[in-house]
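Notes follow the structure.
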Number of protein chains: 4
Amino acid sequence: MQIDHQVKVGVLGATGTVGQRFISLLSTHPFFIVAALGASERSAGKPYSKAVNWKQTVPIPSAVRELVVYPCIPEHFTECAVVFSGLDADVAGDIEAAFREAELAVFSNAKSFRRDPHVPLIVPLVNPSHLSIIPQQRAVHSPPLKKGFIVTNANCSTTGVVVPLAVLEKSFGPLESCIITTMQAISGAGYPGVPSLDILDNIVPYISGEEEKIEWETLKILGGVAETDDGKKAFDMHAKHPLRISASCNRVPVVDGHTECVSVRFARRPPPSPQQVREALTAYASDAYTLGCPSAPRHTVFVHEEPDRPQPRLDRDYQQGAGVSVGRVRQCRVFDIKFVVLSNNVCIGAATSSIINAELAIARGVIQV
Amino acid sequence: MQIDHQVKVGVLGATGTVGQRFISLLSTHPFFIVAALGASERSAGKPYSKAVNWKQTVPIPSAVRELVVYPCIPEHFTECAVVFSGLDADVAGDIEAAFREAELAVFSNAKSFRRDPHVPLIVPLVNPSHLSIIPQQRAVHSPPLKKGFIVTNANCSTTGVVVPLAVLEKSFGPLESCIITTMQAISGAGYPGVPSLDILDNIVPYISGEEEKIEWETLKILGGVAETDDGKKAFDMHAKHPLRISASCNRVPVVDGHTECVSVRFARRPPPSPQQVREALTAYASDAYTLGCPSAPRHTVFVHEEPDRPQPRLDRDYQQGAGVSVGRVRQCRVFDIKFVVLSNNVCIGAATSSIINAELAIARGVIQV
Amino acid sequence: MQIDHQVKVGVLGATGTVGQRFISLLSTHPFFIVAALGASERSAGKPYSKAVNWKQTVPIPSAVRELVVYPCIPEHFTECAVVFSGLDADVAGDIEAAFREAELAVFSNAKSFRRDPHVPLIVPLVNPSHLSIIPQQRAVHSPPLKKGFIVTNANCSTTGVVVPLAVLEKSFGPLESCIITTMQAISGAGYPGVPSLDILDNIVPYISGEEEKIEWETLKILGGVAETDDGKKAFDMHAKHPLRISASCNRVPVVDGHTECVSVRFARRPPPSPQQVREALTAYASDAYTLGCPSAPRHTVFVHEEPDRPQPRLDRDYQQGAGVSVGRVRQCRVFDIKFVVLSNNVCIGAATSSIINAELAIARGVIQV
Amino acid sequence: MQIDHQVKVGVLGATGTVGQRFISLLSTHPFFIVAALGASERSAGKPYSKAVNWKQTVPIPSAVRELVVYPCIPEHFTECAVVFSGLDADVAGDIEAAFREAELAVFSNAKSFRRDPHVPLIVPLVNPSHLSIIPQQRAVHSPPLKKGFIVTNANCSTTGVVVPLAVLEKSFGPLESCIITTMQAISGAGYPGVPSLDILDNIVPYISGEEEKIEWETLKILGGVAETDDGKKAFDMHAKHPLRISASCNRVPVVDGHTECVSVRFARRPPPSPQQVREALTAYASDAYTLGCPSAPRHTVFVHEEPDRPQPRLDRDYQQGAGVSVGRVRQCRVFDIKFVVLSNNVCIGAATSSIINAELAIARGVIQV
């Protein structure tokens, strides 16, 4: 992948937590350049530095400080080859649909379209092949679209776990059962998000809707794209090999980084050994990296040998938070293998995934730049 | 159970974390009265208030402040009907054995004797019937003992989970599989214990030896006491119905209270519904409470209906930390039922269990007072 | 003080953080009994257990669970000899005024009337004598009131520091200068209050309006009630001996308990020694305790000798959080004496103060029960 | 400053907290290259990756992973133009003295030589002119040294506060009084350092020896180098304008970054306004930056305008932690001006200062490279 010119992008929900992260990441991107910002009416018309309550650990990029914020209307974004959406779920659906209708390429963090049968749900280190649904997504639109489409990325806790699960399936055949317990960072809930009185010296063993997301999204991501009799494409939801997934989600007093304890059972007997699993995870190279996507991590999965890793504070920023870390790969007395996975929920679990997805769409010619 | 006179007790490891908790709890006990304190040579000879680095949230009980600390030698404890041990594992074995040999009744928090085939491992809300091994424990000693014995209580993370598991087995027959992920408080590691740099804004997905303890101790506790052909008694380790248990243990930034996410599969089909499980847990009354043990909680298991409970900060002190709290009882997509259990690791998970065990031993006549 | 019958009380803002604390504290009070609850229209008409998002570490008192919540209108509280207000500042002013007008005795945590020249601002361990303004408060009302009045208690951070300052002035004469730096718990901001992303692994060196409250309220509390030429009473704001106070307020990741570092300079030379200060603080007995107010702490100020105390987690619950803890009394290289004071912001810093103030009003005959 | 070749450096105490930070920082340095590592006998002989319990958030630099650790004996460091010492205070004195005697240039974080009348105590953004004492340090050694010397940097909490104090004195003349309250991060205590049970949901209002360090070191740093009658140089400890400093030090649950609340009184009347102070702080350029030291921050002091900044989590990594952040510059009701200062205790408060000091020594020709 070799892009020698700047590619203009827009950011929707630019003042929110995910929007701020988009802006931070894009400020050092080799070819994406932020050309338009969208936010609510309350922010519209203000320079970005006045509209935002900036909460990142780096200063506002100077190229964006004075950019005037627009309302989230497509006409302000027509120059943009790519539009990233960090919109809240309650408004994302209508706005993103309008942008698609206006022939814009939308890469969304919101959940609104994840279950849409024509919208791919892409974890960029796992299933970029699902981009193949996009022609159909355009075709079923009325009137049919030439350029517009929506790609979503997965929920942050899904993203973390689905990466090693995908590698395991690619290496050792289908999984049969998977039990997951998450310990999720407060930043996953946005700002103001979790009240401090709920989480200091505490755990909240519940995150609304989160377990269902992991259980459903994982099947869409790990499943294939089937061709139906009438030539249509459809996500098969891992149908050929039913996979049962059970998730328990917890909020913990950690700023960034979701930690997940996972036990899996393989369909194939005998199952792989822990050492074989470690080697497969280490060896895996994502298409995104192979294709030269500049935001893709060199190591999709880093496998820790020390017994007490990965830890969110020490490991979440490895590779700018773009890969996932796995540790404690060992036998499970009930299933076959158990391990711990850590992913940076605000990077690979959110904005970084959207950015790599856009890079992939360019690399694969879905977007012409 | 009706004791009208004071019963003198000793505390070994009195200056340590568990020892301090024993002393706090015993200061308001209806009949136990602390008569002797044992600690390392470094503390011996000092008044307790000078020997201890007191870290409890209540002041040192006035009755104990000036008590002189002894070395952990039985001769200083001969008056004591009961000796509680909060000793560290590295010294507990020899000292507790010496106390037993000196015909003292030892109730230990240490792991040293938990795997001993003649020492009962008793979670007082679950398996007080295991006290029946004590005559044999005395008999196999050389020379046979008249009064001395050792009773251990379980590891703190085992204690929390084994209570609801026991109720489920009593209500719905044997369990077949159980996957547990723990989120354990820092106080479980004693003092100084976990360095703050390891746990602030962090999780450590590993606690040395902890997973093995849960997986092994649960079988001893939930199992029965079998009679062998030669009339000997033996713990059967749940042998009649093999139970597979897999635990993943994590340290989290919570001061007190272990939270555990549990998924279980029953042998019997169809399995109970979540509502049946809730009712069984709520209805369970421990023998310890029925027998009138003053430290036993009125409600062994409190079942929360709110989706976001139990939480350690809000629920750990319910019933002075003597019961366990269960919440989120729901169907598991892989096994049958999943739920969250919270137990106060420094109360029912440690000192409170030893104290109730001693109350049970008195109630059942194993100790004459 | 000897009250042999129940005294009915009402709680305004009953579902809020301070309201919940009132209800917890009153559930074990020897003579106050909660008879009426007031909250916003949204809660009105519901049983308390349905209206409240209960966040206390003890269960909802059973006597209150099913009490129906009223809107905050005086007619529902006519039976109440005392009304406690935990209302938010934005609504407290009008509601409390209406209750006073309806001849009710209001004890408020809100800031609305603290600067009113006829409303006493009473820290019960310090200046109960300011109750003497109440006849005038009733008289200036139009039409004059027979029974109604408002008493406020101080801001939580003011309360902590003003207790030792008052003792120092009573013992060693007026203070001349005082520099205070606070480290305040998150519970001081109510619920949801401080977002966790703002305070986990962080400090916020600013609390809106807080420094001005400490600097102003301290003068009203430590000052006297002067008689003017026309026989009117007026708070003198410490006018006879000008006292300069400078406060810097910080929010820290502590659940409960405000810690404050204080340096003081006395007017009198030579100033007292640290040992004299320690002795004076220890010896001080509040009028509230002497008069037998049941919620007054036995020890107004507990003085720690260990160099690393008081600490919020270990010391905030001493005496049910009703006293204050002082430590590190030592010489200051710039002023005379410096020390650390800890107070429980949700107890003596809030609801406990209102309750003792009501007890004092009864003890002094301001309220007839 | 223009160095076109590599300059070999050694790190003493390489496996400790400060040593790890030296190694991280030096791995990206433009001309320093780590050539030798020293640690205790226990580590000696092992490759660094095996000797260290690495706790940084970046991986071990590959250039250092396999470097064999030496005992702290000068003969292994003879190639090094500069030796950085992160040794613990209990061993630093003898080892650093031996290295100086062996004609090595030692830049130390330890406190051992800070009070030595011939050793400069240099905060590189403040008083590099104190390097002028080094010829005398060499001369008084027996036998006199040609190249060897020791430079120390200040305690981490001193460093943070002394930077703005120095700017204020340079801009507005001598200070007369200064009261400081610190809220210090746990990383300041090293590893394992502060037990988590002492600091989670807590504050410890005491750090052994810390207040004395701030009160003494500040005078040495802000003072000048006087010429005595016999031509000797001596640190004047700010003698011409006596400056009274009082510090109160607290440990808070923050990973990195010391926050300090400061009130100052100037000798000159009238004192500067807050706006003048802000402008002076912003305008200040350190000699280290002007001389081109590559690790010196472009902005010595960043002045925040928002009322709630600086905050440790958001601001500690600004300029790689090499500058200091000041906020809330406002009038003090007791003194003249008060403000909040934040410094990254593990960067400018420790290793970064030593590195800039070494760069300064090269820039000024004290070391020939």
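The values are calculated or read from the model by the stated rules, or taken from the named source; none is laboratory data. Keep in mind that what you see is a predicted model, and the values were worked out from it rather than measured. Glycine also receives a Cβ, built like all others from the backbone with ideal geometry; neighbour counts cover every protein chain displayed.
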From A:Glu217, A:Glu212, grab the single residue that is of a type in the set (Asp, Glu), over 30 Å from D:Asn202 (Cα atoms) and in contact with a helix residue (DSSP H, G or I) (Cβ under 7 Å, 6 or more places away or on another chain). A:Glu217
List the number of the failed condition for C:Thr57; all other conditions in (1) buried (at least 24 other Cβ atoms within 10 Å of the Cβ); (2) farther than 25 Å from C:Val369 by Cβ; (3) polar (S, T, N, Q) hold. (1)
Is it fair to say B:Lys213 is more than 10 Å from every other protein chain (Cβ to nearest Cβ), farther than 28 Å from A:Val262 by Cβ and surrounded by 16 or more Cβ atoms within 10 Å (Cβ to Cβ)? no
Please indicate, with yes or no, whether at least one residue in segment C:63-82 is within 25 Å of C:Arg100 (Cβ to Cβ), of a type in the set (Asp, Glu) and either assigned to a helix (DSSP H, G or I) or in contact (Cβ under 8 Å) with a residue 60 or more places away in the chain (or both). yes
Would you confirm whether or not segment C:90-108 contains a residue that is at pLDDT below 95 and either closer than 18 Å to C:Val18 by Cα or touching a helix residue (DSSP H, G or I) at 6+ places or on another chain (Cβ under 6 Å) (or both)? yes
Candidate set: segment C:324-345, residues that are within 11 Å of chain D (Cβ to nearest Cβ) and among the polar types (S, T, N, Q); chosen: the one surrounded by the most Cβ atoms within 10 Å (Cβ to Cβ): C:Ser325
Checking B:Gly321 against (1) more than 14 Å from chain A (Cβ to nearest Cβ); (2) surrounded by fewer than 24 Cβ atoms within 10 Å (Cβ to Cβ); (3) of a type outside the set (Val, Ile, Thr): exactly one of these is not met. Which one? (2)
Identify, from the list D:Val163, D:Val123, the residue that is touching a residue at least 60 places away in the same chain (Cβ under 8 Å), within 30 Å of D:Pro312 (Cβ to Cβ), of a type in the set (Val, Ile, Thr) and in contact with a Leu (Cβ under 6 Å, 6 or more places away or on another chain). D:Val163
Can you confirm whether segment A:34-54 contains a residue that is within 19 Å of the chain's Cα centre (by Cα) and at pLDDT 95 or above? no
Can you find a residue in segment D:34-50 that is within 27 Å of A:Ser325 (Cβ to Cβ), assigned to a helix (DSSP H, G or I) and not polar (S, T, N, Q)? yes
What helices (runs of 4 or more DSSP H) completely inside segment B:106-210 contain at least 1 residues that are surrounded by 24 or more Cβ atoms within 10 Å (Cβ to Cβ)? B:156-172, B:196-199
When segment A:227-250 is checked residue by residue, the ones that are farther than 17 Å from A:Val126 by Cα and in a strand (DSSP E or B) are A:Glu227, A:Lys233, A:Ala234, A:Arg244, A:Ile245, A:Ser246, A:Ala247, A:Ser248, A:Cys249, A:Asn250
Go over the candidates C:Gly223, C:Gly190, C:Gly231 one by one and state the one that is without any contact (Cβ under 8 Å) to a residue 24 or more places away in the chain and on the phi > 0 side of the Ramachandran plot. C:Gly231
Which ones in segment D:267-307 are away from every other protein chain (no Cβ under 14 Å), farther than 29 Å from D:Phe22 by Cβ and either of a type in the set (Val, Ile, Thr) or in a strand (DSSP E or B) (or both)? D:Val277, D:Thr282
Across segment D:1-17, the tally of residues that are outside any loop (DSSP other than H, G, I, E, B), aliphatic (A, V, I, L, M) and surrounded by 24 or more Cβ atoms within 10 Å (Cβ to Cβ) stands at 3
Which condition number does A:Pro274 fail, the rest of (1) crowded, with 21+ Cβ neighbours inside 10 Å; (2) farther than 20 Å from A:Ala350 by Cβ being met? (1)
A:Pro59 vs. criteria within 20 Å of A:Gly10 (Cα to Cα), modelled with pLDDT under 95 and over 17 Å from the mean Cα position of the chain (by Cα): yes
Evaluation of B:Pro310 against (1) away from chain A (no Cβ under 13 Å); (2) surrounded by 24 or more Cβ atoms within 10 Å (Cβ to Cβ) (one fails), failing number: (1)
Selection count, segment A:232-266, where residues are within 10 Å of another protein chain (Cβ to nearest Cβ) and at pLDDT below 95: 0
For segment A:34-52, give me each residue that is surrounded by fewer than 14 Cβ atoms within 10 Å (Cβ to Cβ) and either touching a residue at least 60 places away in the same chain (Cβ under 8 Å) or over 23 Å from D:Gln311 (Cβ atoms) (or both). A:Glu41, A:Arg42, A:Gly45
In segment D:98-120, the residues that are among the hydroxyl-bearing types (Ser, Thr, Tyr) and touching a residue at least 60 places away in the same chain (Cβ under 8 Å): D:Ser108
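Does segment C:276-310 hold any residues that are polar (S, T, N, Q) and free of Cβ contacts under 8 Å to residues at least 40 places away in the same chain, and which are they? Talk me through it step by step, then tell me what you get.
Quick first cut of segment C:276-310, residues polar (S, T, N, Q) only: C:276, C:282, C:286, C:290, C:295, C:300.
Within segment C:276-310, C:Thr282, C:Thr290 meet the criteria.
Among D:Gly209, D:Gly188, D:Gly193, which is at pLDDT 95 or above and in contact with a His (Cβ under 8 Å, 6 or more places away or on another chain)?
After applying the criteria, what remains is D:Gly188.
Looking at segment A:251-266, which of its residues are outside any loop (DSSP other than H, G, I, E, B) and buried (at least 24 other Cβ atoms within 10 Å of the Cβ)?
Listed by number, the residues that qualify are A:Arg251, A:His258, A:Thr259, A:Glu260, A:Cys261, A:Val262, A:Ser263, A:Val264.
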